[in-house]
Structure formats: C-alpha cells, structure tokens
1. Of the residues 17, 4, 113, only one is part of a helix (DSSP H, G or I) and either in contact with a Cys (Cβ under 7 Å, 6 or more places away or on another chain) or at positive phi (or both); which?
2. So, of the residues in the stretch 20-38 that are in a helix (DSSP H, G or I) and among the acidic types (Asp, Glu), which turns out to be farthest from the chain's Cα centre (by Cα)?
3. Give the number of residues within the stretch 142-194 that are of a type in the set (D, E, K, R) and without any contact (Cβ under 8 Å) to a residue 12 or more places away in the chain.
4. Starting from the stretch 82-100, keep only residues that are without any contact (Cβ under 8 Å) to a residue 40 or more places away in the chain, then list their pairs with residues that are surrounded by 11 or more Cβ atoms within 10 Å (Cβ to Cβ) and not charged (D, E, K, R) whose Cβ atoms are within a distance under 6 Å, requiring at least 6 positions of separation or different chains.
5. Pairs under 6 Å by beta carbon, first residue without any contact (Cβ under 8 Å) to a residue 24 or more places away in the chain in the stretch 9-27, partner of a type in the set (A, V, I, L, M, F, W, C) and surrounded by fewer than 19 Cβ atoms within 10 Å (Cβ to Cβ), six or more apart or different chains?
6. Could you check how many residues of the stretch 81-109 are under 20 Å from residue 193 (Cα atoms), surrounded by 17 or more Cβ atoms within 10 Å (Cβ to Cβ) and not β-branched (Val, Ile, Thr)?
7. Exactly one of (1) touching a Phe, Trp or Tyr at 6+ places or on another chain (Cβ under 7 Å); (2) under 20 Å from residue 8 (Cβ atoms); (3) surrounded by fewer than 19 Cβ atoms within 10 Å (Cβ to Cβ) is unmet by residue 116. Its number?
8. With the structure loaded, tell me whether residue 148 is surrounded by 15 or more Cβ atoms within 10 Å (Cβ to Cβ), under 15 Å from the mean Cα position of the chain (by Cα), of a type outside the set (A, V, I, L, M, F, W, C) and modelled with pLDDT under 95 or whether it fails that test.
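The values are calculated or read from the model by the stated rules, or taken from the named source; none is laboratory data. Since the structure is predicted, the reported quantities are computational estimates derived from the model, not experimental observations. Positions of Cβ are backbone-derived with ideal geometry, glycine not excepted, and every protein chain shown enters the neighbour counts.
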Amino acid sequence: MAVLGLKLPTERRWVELVKKDLETTMSTHAWAEQKAASYAISLIVRFPQYDAIVETMSALAIEEMGHFRQVYQWIKKKGFTLKPVAKDDYVNDLWNFVRKGGSQEDYLMDRLLLGAMIEARSCERFKVLTQYIHDEELAKFYRDLMASEARHYTTFIKLAKQYLPAEEVDKRWKAFLDFEAEVMKHYNKSAEIHG
C-alpha cells in the first residue's frame, strides 16, 4: 500500500468499530500520544551520547504531549471521558522484533525503526479517520495529525541513517515492514487506535 510503505491497509471493519465507539478510539489515541512522548524520552535516556537524538527527541516529546492535550480537549468537547490507560498490544507485538542482547548499533537501529513503524501506522490510521469521520472539524484535526505523524516517521528514519549505514537501515526497515504486516493480520478487531 502507498502509506509509508505499509503492506497491509487498515480494514474497513476497524472503521465500523470506530464509528460505534469513538470514545475508545480517542482515549487510546490520547494515551498513544503520551506513550510516544515517553518513548522519545526513553531514547534520550538510553542514547545520551548521540546529540541529534537528544535534540530531536526532546522536541518530539514536547510535541507529542501537545498532541495528547489536543486529543484530550477533543474528548471533552465530544462529551466523552478519558478512559484509563491500557496496554497497546500492537506496540507490544512490534517490540518482539527489536533485537535485544546484541550490539548497541543493532539496538539503536531497531529502537529508531520501531518508532518509525508506530508513527507510520498511526499516520495511516489517521488518514483512514479523515476519510470516514463525518465531523469535518475533527477530520481536519486528524489530517493535521496525519502530516505530523508522517514527519515523525521520516525523523526516525533519518536519525537511523545519520548514525548507521543507510543500506543496513533500509534492509532492516524492509524486514520491519514484513513483520508488521504479519502482526496486522491479528488486528482491526477493536476500536482502539491501534486495535
């Protein structure tokens, strides 16, 4: 599919679930933004020796918390309640592909590509929402976020290529895309943002 190289599109049944339970979609989306901010901070903590990671991820963390706040404001505007944070099974499944116990370079690459993958799928989901949400103001909000997620995706890829050989990053990214396609076969079953 065309969206950032993802191999499986979101299925229409996810859209139907979202239409029935937008409150869950927006709550899990809010928490996904908070987790993205935390993830950016974790990269700073884990890789403080890389100046570009510290600079870029500190800005990203602030931006993601801004998105959390915006989604929370939409939740209130819609008369919804922010549901308690829940685990994100999709992200947890992707973590299984991150190499652990190997070289620092492999771990850095996989952590950056994991970030890119989550941003790419979020971008794709936001595009779907812009097409099927009947509230034009909310659809515009998701269009704006879609552009932001696409930028974040490229940010993670660029950082990986700044510190690691580009051909290795490209090869590993293709493997991530294949893995994510397998993971996505088990989703589109709940109204959660990554459900």
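1. 4
2. Step by step, filter the stretch 20-38, then rank; the result is 23.
3. 9
4. Between residues of the stretch 82-100 that are without any contact (Cβ under 8 Å) to a residue 40 or more places away in the chain and residues that are surrounded by 11 or more Cβ atoms within 10 Å (Cβ to Cβ) and not charged (D, E, K, R), the close pairs are 98/114.
5. That search, which allows pairs on different chains as well, returns nothing.
6. Final tally of qualifying residues: 4.
7. Result: residue 116 passes all but (3).
8. Criteria met by residue 148.
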